[in-house]
Amino acid sequence: MNLLKSDEYPAIYDDYIETIVGDVHEELVNQLETFPDFIKAIPEELGTYTYAEGKWTVKEILCHIIDTERVMAYRALRFARNDMTALASFEQDEFVANGRHNERTFDSIIEEFIMVRKSNLILFDTFNEHELARKGMASDRLISVRAFIYVVAGHLNHHRIILQERYLKTQE
């Protein structure tokens with residue numbers, strides 16, 4: 001996939017997109033290999049750990065990554081298929097609050113991540129350059145199909161860094 005241009009996405013996604021240093025497709029494939037191993041290395045007893053009052057647990061963050069990937073892939077699909085209906089925001093805090101994520105095992109989260117990512121890789125590979133360049137309104141912001149793919153990869157990187165720095169730093 002071609003490099004993302006700054007006019008393809010709103011600045012709110014800068015922090016995510018800046019984590020992608022090479023080819024975004026290679027990053028997505030690499031994450032499919034490395035992220036499950038990252039999760040497997042987290043002790044099960046840390047699944048419901050949070051570093052401060054009001055913050056999400058480790059499992060809630062992991063499931064938030066999956067939920068967000070689904071939402072971004074759906075948005076990309078809609079715009080790639082030339083459905084230019086403006087798409088509403090999604091309330092991430094409500095998704096987390098109602099997801100029952102802390103009841104899950106790391107193994108089930110890993111399995112879901114792998115399935116979602118494989119499915120999205122297949123979907124993203126079907127988009128041609130014209131479809132990747134299509135833009136639409138999501139959350140009151142103009143964004144391209146290609147940008148959603150970068151957001152998927154960068155969002156995972158962003159939260160992995162948070163997990164490493166704020167949740168798992170005592171484990172090193």
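The values are calculated or read from the model by the stated rules, or taken from the named source; none is laboratory data. Since we're looking at a predicted model, the values are computed, not measured. All Cβ positions, even for glycine, are placed from backbone atoms using ideal geometry, and neighbour counts span all protein chains on display. Surface areas here come from the heavy atoms of the whole protein model, side chains and all, with no ligands, DNA or RNA. Shrake-Rupley method; radii C 1.70, N 1.55, O 1.52, S 1.80 Å.
Worth a mention:
- Cα-projected label distance for Asp107 with Arg166, points at 7 Å along beta-carbon direction, nm: 3.0 nm
- Volume per residue for the stretch 49-104 equals 81 cubic angstrom (convex hull of Cα atoms).
- Mean sequence separation of contacting Cα pairs (under 8 Å, at least six apart), scaled by the length of the stretch 89-166, corresponds to a relative contact order of 23 percent.
- Whole-percent carbon and sulfur share, accessible surface of the stretch 1-116, 1.4 Å: 50 percent
- Using Cβ point charges alone (K and R +1, D and E -1), the dipole size of the chain about the Cα centre works out to roughly 360 debye.
- With θ taken as phi - 60° and the Karplus curve 6.51 cos²θ - 1.76 cosθ + 1.60 applied, the whole-hertz 3J(HN,Hα) list for the stretch 18-28 is 5, 7, 8, 9, x, 5, 5, 5, 4, 5, 4 Hz, x standing for glycine and proline.
- Rolling a 1.4 Å probe across the protein heavy atoms gives the stretch 39-172 an accessible surface of 50 Å² per residue.
- The chain: Lys pairs at Cα distance under 27 angstrom, eight or more positions apart or on different chains: 10
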